[in-house]
Amino acid sequence: MTKIQTPFLLFLLLILLSCNQKKEQKEYTEHIGDTVFNPKIDHQNFKFCDTSKVFHSRSLIGYIGGQRAIEKEFLQQFVFDESFQDFTGTFSIRLALNCKRETGRFRWEILDNQFRQIDSPKKLEEQVITIVRNLKNWEHINSETNPDGYCYIILNFNNGKLILS
Amino acid sequence: MKQVILFAFFFTFSFINAQVNCLIYPENSDERKSCEITNEALTYEQGSKKSQMLLDKAILLNPKNDFALKEKSVPFLKRGFILEGMEILNKAVEANPRDNLDYRAYWFFALGNYKMCVEDLERYYALPNAFPYIYTSGGDMDMRLLLAMSYAKLNQNKKGLDVMKKYVDSYEDTSDIGNLDYYVLGMLYYKNGEFENAINAIEKQMAILPNKYGNYYYAALSHKALGNTEKAKEILKDAMSKFSKPDYYSLINYNCFKVYFEDLENEYNLLVKE
């Protein structure tokens, strides 16, 4: 009796586990990219002006001086370290811009050349994110109301050095 | 003419949300149901929970529904979730390379990964059933422009120029030439040391679209390379007087050889000092 029950119970357990995995499928937010406040990584001071109208359109946010200015500001603050040498890949950094041109809700992915997830040296990651958090010249494009919104920037690295666009 | 046809094409499709014909699948089949659910998903706002959940449902019914996979990837990619978007788009490419390689190539290009863009487009154009004329999803640019610029970014200027020459020759009517075509051709002639051809191409682009100062920049560089420094100065001075420095720039750009206003100023200052 016991011999029959054990494989049967294992079988049931496997079924239960597989059902559970399906239930664990990532929940969607109302819109892809809605980013809720996380007290561990987000500054409390950043607030959307109107949470009912936060757009998801990269084309509505620009930067004074464009991508080149971002890269210039980045290089002014960036300090290369030997430990970065082996890192070749991409940082995709999302952020929110509110109606007062303040930024917050930074989230990022670190990817290899085929855009698969990888790690970078912790020191590099901290430096990149700190510099991007310090960028101040964001601008709303073609809007009189300066609505809240999200955008992202891409920074590509080769052997730990920023590739200029 | 090309612009008129393209306008009509995209104007029409903007109203029907690029829905696909599901009647090609057998009635009551999972493929038909999956297709219909995909169409329903497209009636909701892109990237909304409702739309994404319907696309998930469609993919569950037919995991090879590449159109649903592609549509699901779009909001992720547009909003900076590159990892998630690419994982989904890779599945679409696997299921149907012909209809999805170009879109993945576009994203590689847009994210500055020119090597992968070239790989995808070379693979696409080598397919026996590839369409010769394919455009970026908004219909703005022929993918051969992206291929040529990607070659140039990888310092394969000769290959880039060959693509551009064939591309321009492929249009029987020169009125079909767009806003960036002769610019990229001119830039590539310049990079290949064919300065007179570069000037000719850029002048053609200026006749089509006179309000882009990037044209002036490459025209000036080409004149300078030919030893016509005074002409180069004159062109740059003319550009700086005609245009003003933009307050800000969009972060989305199809032109990865973008010229900034400061490039005109810097080049002019260099020439004045010489």
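Please treat every number below as a calculation from the coordinates, not as lab data. The shown structure was predicted, so the numbers you read here are calculated from the model rather than taken from an experiment. Don't worry about glycine lacking a Cβ; one is built from the backbone with ideal geometry, like all the others, and counts go over all protein chains shown.
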Quiz item: Which of the GluC sites (Glu not before Pro) across the stretch A:85-165 are loop residues per DSSP, with 15 or fewer other Cβ within 10 Å?
Solution: A:Glu144
Quiz item: With labels modelled as points extended 7 Å from the Cα through the Cβ direction, what inter-label distance (nm, one decimal) is found for A:Lys122 paired with A:Gln85?
Solution: 2.1
Practice problem: In nm, give the distance between the simple-model label positions of B:Glu203 and B:Asp173, each being 7 Å from the Cα along the Cα-to-Cβ direction. | Solution: 2.6
Quiz item: Cross-link list B:Lys78/B:Lys165; B:Lys165/B:Lys273; A:Lys40/B:Lys50; B:Lys57/B:Lys78; B:Lys204/B:Lys242: which exceed 26 angstrom alpha carbon to alpha carbon?
Solution: B:Lys78/B:Lys165; B:Lys165/B:Lys273; A:Lys40/B:Lys50
Quiz prompt | Net length gained if the chain between B:Asn211 and B:Met53 were fully extended (0.36 nm per residue, minus Cα distance) | solution = 52.4 nm
Quiz item: What nm value, rounded to one decimal, do you get for the distance between A:Lys72 and A:Asn146 when each label is placed 7 Å out toward the C-beta?
Solution: 2.3
Quiz prompt | Cα-based Kirkwood hydrodynamic radius, chain B, one decimal, Å | solution = 20.7
Quiz item: For the stretch B:22-145, what size does the Cα cloud have along each of its three principal axes, sorted from largest down, in whole Å?
Solution: 41, 33, 23
Self-check item: Along each principal axis, Cα extent of the protein assembly as shown, largest first, Å
Solution: 98, 53, 45
Quiz item: What is the average number of partner chain Cβ atoms found within 10 Å of a Cβ in A:56-69?
Solution: 5
Exercise. Check the cysteines of chain B one by one and keep only those with no other cysteine Cβ under 4.7 Å from their own.
Key: B:Cys117, B:Cys256
Quiz item: Which FRET efficiency value, to the nearest 0.05, do you get for B:Glu31 and B:Leu270 by plugging their Cβ-Cβ distance into 1/(1 + (r/R0)^6) with R0 = 51 Å?
Solution: 0.25
Self-check item: Counting all C-alpha pairs of the stretch B:170-274, share separated by more than 22 Å (%)
Solution: 29
